[in-house]
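Any read-out appearing in this document is the output of simple, stated calculations on the displayed coordinates, not a laboratory observation. Fair warning: this is a prediction, and the values are worked out from it, not measured in the lab. Every residue, glycine among them, receives a Cβ derived from its backbone with ideal geometry; neighbour counts consider all protein chains shown.
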Amino acid sequence: MYKNYLKVALRNLLRHKVYTFINITGLSVGIAFCLLILLFVKDEWSYDTFHPQADRIHRLAVKEITSDNQEYFGTSTAFVLAPVLKQSLPEIESTVRVATHRNLIRRGEAVFSENIHVVDTTFFQVFNFPLVKGNTATALKNPGTIVLTEETAKRIFGEEDPLGKPITVQLRETPYAFTVSAVAKNTPSNSSIRFDYLISFENAKNIWGERAFTSFYQVYGENYVKLTASGNINQIQQKLPAILKQHLGEDHTGQYLVLFQPITDIHLNTDFPEGLEPISDPAYSYILGTVALFVLLIASINFITLSLGRSIDRAREVGVRKVVGAVRQQLILQFWGEAVLVSLLALVLGLALTTLALPVFNELAGKKLSYSLFSTITLTSLLLAFVVGLLAGIYPALFLSNFNPVAVLKGRLQVGDANLYRRFLIGFQFMLSIGLIICTLVMSQQLRFLQNKNLGFDKEQVIIIPTGVGDNEALRIFDRMKNNLQNHPAIAEISHSVFAIGEGWMEADYRDNTKTVRPFMMNIVDVDFLKTMKAHLVAGRDFSREITSDISQGIIVNEALVKEYGWKDPLGQRLPGPNFPAHQIIGVVADFNYESLHTPVKPLVLALSDSLLRGADNVMIQASSRRKIMVRVKPGNLQTTVSLLEQTWKKDAPNLPFNYSFVDETINNQYQRELRLGQMMNYATSFAIFISCMGLFSLATLAVQKRRREIGVRKIMGASLQNIVLMFSKEFALLVLFAFLVATPIAYYVMQKWLQDFEYQVAISPWIFLLAGVLSLAIALITVSYQVIKAALANPVDALRSE
Amino acid sequence: MIKLKNIFKWYSSGFVKTFVLRDVSLDIAQGEFVSIMGPSGSGKSSLLNIIGMLDDPSEGEYYFLDQPVHKMKEKHRSELHKNHIGFVFQSYHLIDELTVYENLETPLLYKNIKSAERKAIVADTLDKFNIVGKKDLFPNQLSGGQQQLVGIARAVITTPKLILADEPTGNLNSAQGIEIMELFKKLNEEGVTIVQVTHSEKNAEYGSRIVSLLDGRVEQAYA
Ligand SMILES: Nc1ncnc2c1ncn2[C@@H]1O[C@H](COP(=O)(O)OP(=O)(O)OP(=O)(O)O)[C@@H](O)[C@H]1O
Ligand SMILES: [Mg+2]
């Protein structure tokens, strides 16, 4: 019996190739898209789950609320924190501190600028980072030993065995001799701790100084704790206030809260500040998941509508089968089985597509996902295909099996109800497509807006060269480079600053005369900084080499700061803190976006030296505070200019690695998440439109086929081509209109929500909706008209004779 | 074998009832060869469908092999239909996607007959109808007469007691028609009861009795 069904099914599929092609390709694209997103989401949600007893590992976060309600919330915490807590809390089994230090690593003549993780020896006990060479118990025991990942080992040592080899690691300004003690596996892509080098925490005092080990207010890294099996956070939280009071001192005012963030929670919890590794917004998993489901849904709807559209073809078979003895259940089973068969065929193609598309997808998503046929994903997708087949097949199966054989075999078949249902489905399909079009258009408009918005400076043609060395040496290199480059025709300006555009600038706060805590952002810059950036002064003057007091006393602030302090005439003013050394505002720069457009421009102070910071209470630094040289180049061949810079660097900073980046690219990287989402949306929307078009095309084919005779008769009665096209188009146009009316408010609402993430939002213009509507209407009409016109141009006599 | 008592069939559209069969009573004994005749629209097909249990009467009693069909549950009725009745149509109604062999096999599948036995029965039938050479062809590769031959073969393959044929020669030329009617005659002689609808006096003569319908009523025969 099943062989009989299978034969009929396969022969039907072969006979109606276009229909089969549309069904199977549509579904397989849908399935492949879903699988890719599934891989993506699985990766996102599996972060840090590979540690043993991951549920017991927590990262400490500190929330400080001062007595005047200023809040500091960070996942970078003081090095004293974990040890102090472990002393008093038996619930804590072990602790690990993880901090990073960017500095130079030398092997023989070769120099690399690298990011080094400084960790406690408990690192390998608490976390699951297996070694390929060496022993976890001894790898970090000696302060002079260093662990490399396989990738790093290969980069530094090539094919040589690195074990026991010497390597020089510079900590702050001093080079130290290290020995490679172990090689670790590369960190998995779904890890919130990603290292290239590990050195023992013993070295931390050489980097951050002794005070970092006693102060609660110097924060340089992350603290992790592993609880005992019975350890309970609620109990810990009850004991914490007393313990903290003891260490912070009785006179500590305000609140100092220590939060325990489960390690598996780090990657997707946007309520906590980012730590050492970037985190991700769980909303993106949901958005992409929904979009993938939409694509699959559109393909499934094709399947349903096409099955129903072809039901007349199959009706006779149903009638005959009933007459020769089939009962309804058997027919339901047959047609349902056919649907599942089609979706399984689509699955095979979908799996192939997934494998083919994975490299492109990885590029888009910025991930290193891999797919193997023998994984749970395949099983999941099998299930997915099965469910799609079952769901998409149920209505056609019920509908077809319900035909009354007498009516069918007489050719007196009514398909009225199915038509209504079909219209609803097509309308729904259009709704999804229009929704996706609108979202894609709004997203790309916002992204274009972000990239083109006037930032208050000129981001084009600026190259940043991080010196990677301490201030004295950095400034010496800068002077040499400036001497060599400033008169070169390819160079417009050259300058430097501690922080470059696109990285977090330093944040400081102080208590003013009324004891209120007041934060401000700060950067330490060179005299030519604003000129190089092409930022605009709105009052006062720029820094000057001729006026020597500028070095220690002159500051330039931005408009946001002037506004915050309510100064009518800011020039000559000073920050109202009692501890600040002598200083005065010499100029006001127009607000420029030194941070991403997710945030507003915050009050900013620019100074030539760090003397002002002596009056600050807290200073928070996220990025490397080593000088960066900033070069504005003249338009021309960028490649030759970069080589010029490299040549000069090699001469002026021998033995130091040359790195560079373009400011505009760095700025674009700030919107990488959004850019990625936008690109994936582009793909999804194209797929969705493509699949619905194919469905519409074949539906139109069926509709026209069924009404060929009618078209013939109408033509003989004198109907013009337009009349006939109009007759067919009206129905589809109404559907599109209806879908448009439903999709628009929903898409508007969703996009409004998405835009709230940005401080600077593009206005959603009504043109986008109109465009989406007109576009889908045009696509629908072109698809339908093609078929109708073909039929209408045919000789009506042929149509009538063939009946 | 068949006993129809005061059968009515009507269709209602809105408030109007259109009567198709009016008070039809009819007895057909086992082994008879009955021809139903009458002008177009007189209700012949409707009557045949009711006898074949493809359609229900609106009113009246129907006994098949002395069992009350009008009181039966759907399942029981389709068992009866499946085991005892074969259908032949004017436009053959073969399944286009199946070969001759597979078309013949289909009714056996629905009777849950085992594979080996099925093969034997189909081979027998192909042989009996002289269409062994056509077994792997699809319906559209056959002439109308050949298709109808397959249609009849499919109707008899389950060895039904009753064959119902609705204008079986309507789409055939006269030579093909004669061949089909001879076949029916032979089947009837083997003991199969046959009820056919026909417009042709000549075809009707193959049967043992003629029932004339006019406007949904049986015309009294003056025989
Ligand atoms: N589903 C239906 N709804 C309404 N009227 C119907 C329906 N089915 C059949 N009829 C009507 O019943 C009457 C009898 O139809 P039937 O098919 O039995 O006639 P017939 O004698 O077989 O005609 P022909 O010789 O043309 O095949 C016709 O007038 C037809 O219009
Ligand atoms: Mg008829």
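Assuming R0 = 30 Å, what is the FRET efficiency of B:Asn173 and A:Ile716, from their Cβ-Cβ distance, to the nearest 0.05? Write down the numbers at each step before the final one.
Values: r = 31 Å, r/R0 = 1.05.
The formula returns an efficiency of 0.45 here.
Each of B:His93, A:His583 has some number of other Cβ atoms within 10 Å of its Cβ, and from fewest to most they run A:His583, B:His93. In this label model, A:Leu734 and A:Asn483 are separated by 8.5 nm, measuring between points 7 Å along each Cα→Cβ vector. Taking a straight line from the alpha carbon of A:Lys226, these aspartates and glutamates sit under 15 Å away, with near neighbours fewer than eight places off in the same chain left out: A:Asp48, A:Asp55, A:Glu91, A:Glu93, A:Asp120, A:Asp265. The mean number of Cβ atoms from other chains found within 10 Å of a Cβ in peptide B:92-99 is 6, as a whole number.
Between the C-alpha center of the stretch B:21-65 and that of the stretch A:661-683 there is a gap of 77 Å.
If you average 1/r over all unlike Cα pairs in the stretch A:462-669 and invert the result, what Kirkwood radius do you get in angstrom? Mind showing how you got there, number by number?
Details: mean 1/r = 0.0560 Å⁻¹.
Its Kirkwood hydrodynamic radius stands at 17.8 Å.
Residue exposure proxy: A:Leu384, A:Leu306, A:Leu390, A:Leu450, ordered by other Cβ atoms within 10 angstrom of their Cβ from fewest to most, comes out as A:Leu390, A:Leu384, A:Leu450, A:Leu306. Note on the stretch A:490-559: Kirkwood radius taken over Cα pairs, Stokes-Einstein applied at 20 °C and 1.002 mPa s, translational D equal to 152 µm² s⁻¹. Legend: Rg and Dmax of chain B, from Cα coordinates, 17.7, 55 Å. In summary, the helical segments of chain A meeting the span-like criteria, namely a full DSSP H run, a Cα extent along the axis of 27 angstrom or more and a mean Kyte-Doolittle hydropathy of at least 1.0, are A:17-45, A:282-309, A:328-365, A:376-401, A:721-755, A:766-793.
The charge dipole of chain A, taken about its Cα centre with unit charges on the Cβ atoms of Lys, Arg (+1), Asp and Glu (-1) only, comes to about 4160 debye.
Which net charge results for the neighbourhood of A:Trp336, defined as the other residues with beta-carbon distances under 14 angstrom from its beta-carbon, given Lys and Arg at +1 and Asp and Glu at -1? Summing Lys/Arg as +1 and Asp/Glu as -1 gives +1. Build a GNM of chain B with springs between Cα atoms under 10 Å apart, and of B:Asp66, B:Asp166, B:Asp56 the one that fluctuates most is B:Asp66. Taking other Cβ atoms within 10 Å as a rough exposure proxy, B:Glu117, B:Glu105 sort from fewest to most as B:Glu117, B:Glu105. Structural descriptor for chain A: relative contact order 15 percent, calculated from alpha carbon pairs under 8 angstrom and at least 6 residues apart.
With 18 Å as the limit, the listed pairs B:Lys82/B:Lys185; A:Lys410/A:Lys715; A:Lys482/A:Lys628; A:Lys3/B:Lys75; B:Lys44/B:Lys71 have B:Lys82/B:Lys185; A:Lys410/A:Lys715; A:Lys3/B:Lys75; B:Lys44/B:Lys71 beyond it between alpha carbons. Both numbers refer to the Cα atoms of the stretch B:109-223; Rg and Dmax are 16.1, 51 Å.
Listed by chain and number, the lysines whose alpha-carbon sits under 26 Å from that of A:Lys165, ignoring those within fewer than 8 places in the same chain, are A:Lys133, A:Lys141, A:Lys154, A:Lys185, A:Lys205.
Set the Cα radius of gyration of the protein assembly as shown against 2.2 N^0.38 Å, with N its number of residues, and you get 1.37. Go ahead and run the numbers for FRET between A:Leu741 and A:Lys706, Cβ-Cβ distance against an R0 of 30 Å, rounding to 0.05. Calculated transfer efficiency: 0.55. The charge dipole of the stretch A:462-669, taken about the Cα centre with unit charges on the Cβ atoms of Lys, Arg (+1) and Asp, Glu (-1), comes to about 240 debye, rounded to the nearest 20.
Backbone N atoms of the stretch B:1-16 closer than 17 Å to the 7 Å Cα→Cβ label point of B:Asp23 belong to residues B:4-10.
With a simple spin-label model that places each label point 7 Å from the Cα along the Cα-to-Cβ direction, the separation between A:Leu293 and A:Lys753 comes to 1.2 nm. Value of Rg to Rh for the stretch A:55-265, rounded to two decimals, is 1.01; Kirkwood radius and Rg both from alpha-carbon coordinates.
So between A:Gln584 and A:Glu64, what do we pick up on full extension, going 0.36 nm a residue minus the alpha carbon distance? Walk me through the numbers before you get to the answer.
Working: separation 520, 0.36 × 520 = 187.20 nm, distance 3.09 nm.
Extra length from A:Gln584 to A:Glu64 when fully extended: 184.1 nm.
Taken about its Cα centre, chain B carries a charge dipole of about 440 debye when Lys and Arg each add +1 at the Cβ and Asp and Glu each add -1 at the Cβ.
Both radii are taken from the alpha-carbon atoms of the stretch B:33-161; with Rh as the Kirkwood radius, Rg/Rh is 1.01.
Given the DSSP H assignment, sum -39500 (n - 2.57) over each helix run of at least 4 residues in the protein assembly as shown and divide by its residue total; what's the result at 222 nm in deg cm²/dmol, nearest 500? Walk me through the intermediate numbers first.
Numbers: 31 runs with 476 residues, N = 1026.
When only DSSP H runs of four or more count, the value is -15500 deg cm²/dmol.
Of interest is the spacing of the C-alpha centroids, which for the stretch A:76-153 and the stretch A:309-324 amounts to 72 Å. In the elastic network of chain B, a GNM with C-alpha springs shorter than 10 Å, the most mobile of B:Gly207, B:Gly133, B:Gly86 is B:Gly133.
Taking 7 Å steps out from each Cα toward its Cβ at A:Ser625 and A:Leu390 produces label points 6.2 nm apart.
Counting only residues at least eight positions apart within a chain, or on another chain, the aspartates and glutamates with an alpha carbon under 13 Å from that of A:Lys568 are A:Glu559. For chain B, the longest piece that avoids every one of the chymotrypsin sites (Phe, Trp or Tyr not before Pro) found in DSSP loops with at most 16 other C-beta atoms within 10 Å covers B:16-221.
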